[in-house]
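Student: Input: one structure, supplied below.
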Amino acid sequence: MIYALVGYFIRDWRTLSLVVTLPGILFLLYYRLLLESPAWLNGKKRHGHLMSVLKRISQENNTSKGFEKLSNEKQSLIEQLTIVPSSKITTNHNLFDLFRYKSLRKITLVQCYIWCVNGCVYYGLTMSAGGLGRNIYISLCLSGLVEIPSYFIASYLLSRLGRRLTLNSFMLLGGAACAVMLFLPKDHENVEVGFALLGKMSISASFAVIYVQAAELYPTVIRNLAIGMCSMSARIGGMAAPMIASLGMVHHNLQFLVFGVMTVGGGLLGFLLEETLNRPLPDSIKELTLENEQELRPMDKVKLIQEAIEDENDIEMVI
């Protein structure tokens, strides 16, 4: 929406690109402000760093007493673990782990496709907005304006319908809205704009939901790699968006049919994933695969669960 307003006053595309991209450099300052995830540090057995992060959190939240309540036994154990070389107590995960385990492989393949579709359709609809209606700036502005209510609606439904149903419903609705546009008469511009805005609002909502769903599906120790993999898939979709959007020159609104089919396919595939609402986040790959790995003995499962609960209680006490 703001981009359309700025573009209305700055007609040179090079100047426009500089004006809208240079402010993004300020986000580099976040590196010094953000703390490392305590859950990730705990999963990596980096207890010394974990204690320093928890201490800073307790000081900023004025809950230093909670930090001091950690038992002496727990602190001595942490001190002993920090003496051991990290290579002996941690496991370095890589992208191949996302495909090595059956449960992670299914999640990764589905998530990569959904992210790719969302990136492609989101940017594709944004690029196609200029060809709808009679004014490119108004059409682009409306395309951005509909994103505002989509985020509020998605946030409201996430805690009521769950992540899976919310995501898949928005993708199916957006895909259907895009596919219908191929069959609309050319002289119904207002109807075309309406369906395009409905598709853009739906894909914007689903794009917001997939960040929440993906973060809750993956274990802590590999979550950053998984989100990076999914984000890369979305960028691949974004690179394909201009080529698909150009299909409108071949046949009127043909690009919207392609966007619609892709989105409906992603919405249907999303039902293969499990619901994550009100479920504890897995810290390790073993926790995620407790019910799927037959080689784990029942006593091993109980031990892993107990350790996860104890670690979570310690962190909650400090925070």
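The values are calculated or read from the model by the stated rules, or taken from the named source; none is laboratory data. Quick caveat, the model's predicted, so the values are computed rather than measured. Because the Cβ atoms are built from the backbone with ideal geometry, glycine has one as well, and the counts that use them run over all protein chains shown. Accessible surface is based on the protein model in full, side chains and every heavy atom, while ligands, DNA and RNA are left aside. Shrake-Rupley method; radii C 1.70, N 1.55, O 1.52, S 1.80 Å.
Student: Taking θ as phi - 60°, what are the ³J(HN,Hα) couplings along the range 9-19 by the Karplus curve (6.51, -1.76, 1.60), each to the nearest whole Hz, with x for Gly and Pro?
Tutor: 9, 10, 8, 7, 5, 5, 5, 4, 4, 5, 5
Student: How do Asp12, Asp283, Asp97, Asp187 rank by accessible surface area computed with a 1.4 Å probe, from largest to smallest?
Tutor: In descending accessible area the options line up as Asp187, Asp12, Asp283, Asp97.
Student: Next question. Residue by residue, what Karplus-based ³J(HN,Hα) values in Hz, rounded to whole numbers, does the range 182-190 have, using 6.51, -1.76 and 1.60 with θ = phi - 60° and x for Gly and Pro?
Tutor: Result, rounded to whole Hz: 5, 9, 7, x, 5, 8, 9, 5, 5.
Student: Can you compute 3J(HN,Hα) from phi for each residue in the range 136-141, using the Karplus curve 6.51 cos²θ - 1.76 cosθ + 1.60 with θ = phi - 60°, rounded to whole Hz and x for Gly and Pro?
Tutor: Coupling constants for the range 136-141: 5, 6, 5, 4, 5, 5 Hz.
Student: Next up: Roughly what would the spin-label model give for Leu254 and Tyr156, points 7 Å off Cα along C-beta, in nm?
Tutor: 4.0
Student: Please list 159-168, 210-219, 23-32 highest first by mean number of surrounding beta-carbon atoms within 10 Å per residue. The partial results should precede the final answer.
Tutor: Values: 159-168: 18.9, 210-219: 21.0, 23-32: 7.8.
So the order, starting with the most tightly packed, is 210-219, 159-168, 23-32.
Student: OK, next. First measure r as the distance between the Cβ atoms of Asn278 and Leu95, then evaluate 1/(1 + (r/R0)^6) with R0 = 30 Å and state the FRET efficiency to the nearest 0.05.
Tutor: Values: r = 29 Å, r/R0 = 0.98.
Efficiency computed from Cβ-Cβ geometry: 0.55.
Student: Would you mind checking which residues have amide H under 5 Å from Thr276's amide H? H placed 1.01 Å from N; only 5 or more apart, or other chain.
Tutor: Here the answer is Arg163, Arg164, since their amide H atoms fall under 5 Å of that of Thr276.
Student: Another question, if that's okay. Report the FRET efficiency, 1/(1 + (r/R0)^6), for Lys106 and Phe9, where r is their Cβ-Cβ distance and R0 is 41 Å, rounded to 0.05.
Tutor: Working: r = 49 Å, r/R0 = 1.19.
In this case the efficiency is close to 0.25.
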